[in-house]
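One structure below.
The values are calculated or read from the model by the stated rules, or taken from the named source; none is laboratory data. Bear in mind the structure is a predicted one, so any value in this text is a computation, not a measurement. Methodologically, a virtual Cβ is constructed for each residue, glycine included, from the backbone with ideal geometry; neighbour enumeration extends over all protein chains shown.
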C-alpha cells in the first residue's frame, strides 16, 4: 500500500509509492558531466562578455582581470531590472507592479570542467561567502524584500550555460512559497513556543533513519515528505533564522556537509542534474525564534506533470529512509 | 521594464519579461508528433494487457472486445490503491495516511496516431462525457474527497505512453492547491457576493485583449498572470461550480472550444507537449456560488528550475495579450 505523507512545515502532501521502491540505479538520470565546449562567457579571458562585475575574489595584489577564483556579475538577460521605480497599479480586478529587482550570477570557479562537488573546499567556502556578501549588500536597498539564492545544475534542471554557477533574484515582494513557510513556522511557534525545524532536527537525530550525514554544526537529512527521490536538506543544528557564517568557523563546516552530499549524489546517481535553494528569513525580519534557515537540494530524476501541477501533490518512488541509507552507504 | 503580475485567485505572482517578448517561433518546442511505434498496450487487440476495464464506449450490440471508441482502465502502476482502509497515523511530529484512492487511465481513441486535436468532435465529446461519468461514479466512495482529472501530452509533459490518454487520480484529501483556490474564491465571495471567476470573465469579455476564442457557452482566455507562455483557460460563461454537461447541448460546445484551442496551439507551436487540468469543486460541496469550474491548459515550452521551485514565482517571456493575439490569428 502506498503512503501519503505530509510535510509538517508547509502542509504539502506526497505519495510515497513504496511498492515501486526505486533504487538509485533505476533512474535513467540524464547525467550532466561537463565537456570542453565552444566559447564560454564565464571562462577566464572572456570577462568582457559579461555585464560589469559586481564582486570578485582575486589573489591579493593581482590586477589581472582574468585572474580570479569567483566572480559575481549581473545576469545578461535579467528577469528583473535594478534601475527604476517600484510602482504598483491595479487593472480592474488585476494587480501588477514594475519588475524592479536584481538578477545576478555567481560564477563559482574559473575552471569550465569543475562542479561544486569537485572544486576545492576553499572554493566552496568562497561560494558560500559570496552568497552571504550579496545578501548583506542587497539588504540595503529599501525596494527589495527578499533574495532567493538558487542553483540549477545541468540542462535538465534548467541551467542554460554549462560552466558551473549559482543565481540570485532579489524581489520587491516576499514570494508566496516563502511566505507560506514563514507563516506556518510562526503558527507552530505560537502554539508550542518551539521552532518547528528544531523539533524536526531533534526527532531526526534521535531516530537516525533519515540522516544523510552530519558534522559538529550541520546535519543533512532526507525530509519525511520529499517531493523528489533523494531530496536532501541541510540545516544548522543550532537555531538560526538567517543564513550566516559561524562565529568560529565561518562557512567551513557548511562547505564540508554540502560538498559531501553533492559527492554522494554524484557517485550514487551518476552525476545527476539538480536544483538547490537557500531558504532564509526575509530582510525585513530581525533574528527570530520561529524560522530556521536551510538548503533544500533536489536531484532532477522524475518529471513534474499534470498531476503535480494540478494538486501540489508529488509522487515519489523512493522512500526517504531508503534514500538516506543509500546515501550513507556511498563511499566517497 | 519587466512586469510583475498577480493571479487574482491564488495570489501567485509571475514575471512577464516583456523585453524578451518571445514569439511562437522562438520556442524550440520538442514537437511530439506520433509515430507508429512498437507494441502499445492501449491499441485495439491488446485489451488483455491492461487491468480489468472500468468502462468503455462500444457500438450498440457489439460483443467484440477490440471494437471500442473509448476505454477507461485502472493504471497498471497506480500511485494509489482502491482496496484497503483509510488509516491516519502520526509519527512524532509527522503525519501520514494510507494511500487509498484510484488511479485510472482514459484511452481517448483506438487510433494510435491520433491526438485530441485530430479526433472527431464526437470522440472529443465522448472523452468529456467519460470524465463526467467517472467523477459521478467515484463520488459514491465515502473515502474519497477529490478527483483530479488531467492530461499529459507528449514525453516532455510527462506522458510515458505515446497513445493519447488522460488520467484521473481520486484522493482521500482535497489537495493543497485546490483548497487554496477554493478558500481564496470563497474569501472573495464573502467580500463581494460575486464569484471571482465570473468577474474575471466579465472583465475579459469587455476588454477583449486576452480572449483566445469563444462560443455561446464557453470562453477561452489567456489568463492575466500565466505561468507558461500560451497558457489558456476554458471557462463556462454562466456560473457553474461543478464540471457537468449543458442541459441542452451536453458537452458539444465545450468539445468545440477545447478542440479549437488545441488545434490553434498545434499549428502555432508545432504540436507542442502540454498539460491540462480540470479544476472543479470537491465532492463534499454542493453547488456553490463562489467557485467556477474550468480547464487550465499549459503548453510545455519553458523549464521549471530552482527559482520557480523556491519562490512559486514563474518567469514568462510571452505576455498573455500577445499570446492571445497570436492564437486568435491562427487559421485552422
*segment B:246-275, residues that are surrounded by 22 or more Cβ atoms within 10 Å (Cβ to Cβ), away from chain A (no Cβ under 14 Å) and part of a strand (DSSP E or B)*: none
*How many of the residues in segment A:1-43 are in a loop (DSSP other than H, G, I, E, B), more than 9 Å from chain B (Cβ to nearest Cβ) and either modelled with pLDDT of 80 or more or surrounded by 17 or more Cβ atoms within 10 Å (Cβ to Cβ) (or both)?*
13
_Residue tally, condition within 8 Å of another protein chain (Cβ to nearest Cβ) and assigned to a strand (DSSP E or B), over segment A:149-171_ = 6
*Just checking, which of A:218, A:189, A:243 is touching a helix residue (DSSP H, G or I) at 6+ places or on another chain (Cβ under 7 Å), within 14 Å of chain B (Cβ to nearest Cβ) and surrounded by 16 or more Cβ atoms within 10 Å (Cβ to Cβ)?*
A:243
*asked:* Can you say whether residue A:278 is surrounded by fewer than 24 Cβ atoms within 10 Å (Cβ to Cβ), in contact with a strand residue (DSSP E or B) (Cβ under 8 Å, 6 or more places away or on another chain) and not in a loop (DSSP other than H, G, I, E, B), as far as the supplied structure shows?
replied: yes
_residue A:51 - would you say it is more than 14 Å from chain B (Cβ to nearest Cβ), over 21 Å from the mean Cα position of the chain (by Cα) and closer than 21 Å to residue A:115 by Cβ?_
no
*Could you tell me whether segment A:232-241 includes any residue that is touching a strand residue (DSSP E or B) at 6+ places or on another chain (Cβ under 6 Å) and in a loop (DSSP other than H, G, I, E, B)?*
yes
*Please give the number of the condition residue A:176 fails out of (1) touching a residue at least 24 places away in the same chain (Cβ under 8 Å); (2) touching a helix residue (DSSP H, G or I) at 6+ places or on another chain (Cβ under 8 Å).*
(1)
*Which residue, of A:205, A:235, A:182, A:168, is touching a helix residue (DSSP H, G or I) at 6+ places or on another chain (Cβ under 7 Å) and farther than 15 Å from residue B:308 by Cβ?*
A:235
_Residue in segment B:120-130 that is within 14 Å of chain A (Cβ to nearest Cβ) and surrounded by fewer than 18 Cβ atoms within 10 Å (Cβ to Cβ) present_ = no
*For segment A:24-44, indicate whether the set of residues that are touching a strand residue (DSSP E or B) at 6+ places or on another chain (Cβ under 6 Å) and under 30 Å from residue A:137 (Cβ atoms) is non-empty.*
yes
*Give just the number: which of (1) under 16 Å from residue A:293 (Cα atoms); (2) within 10 Å of chain B (Cβ to nearest Cβ); (3) surrounded by fewer than 16 Cβ atoms within 10 Å (Cβ to Cβ) does residue A:199 not satisfy?*
(3)
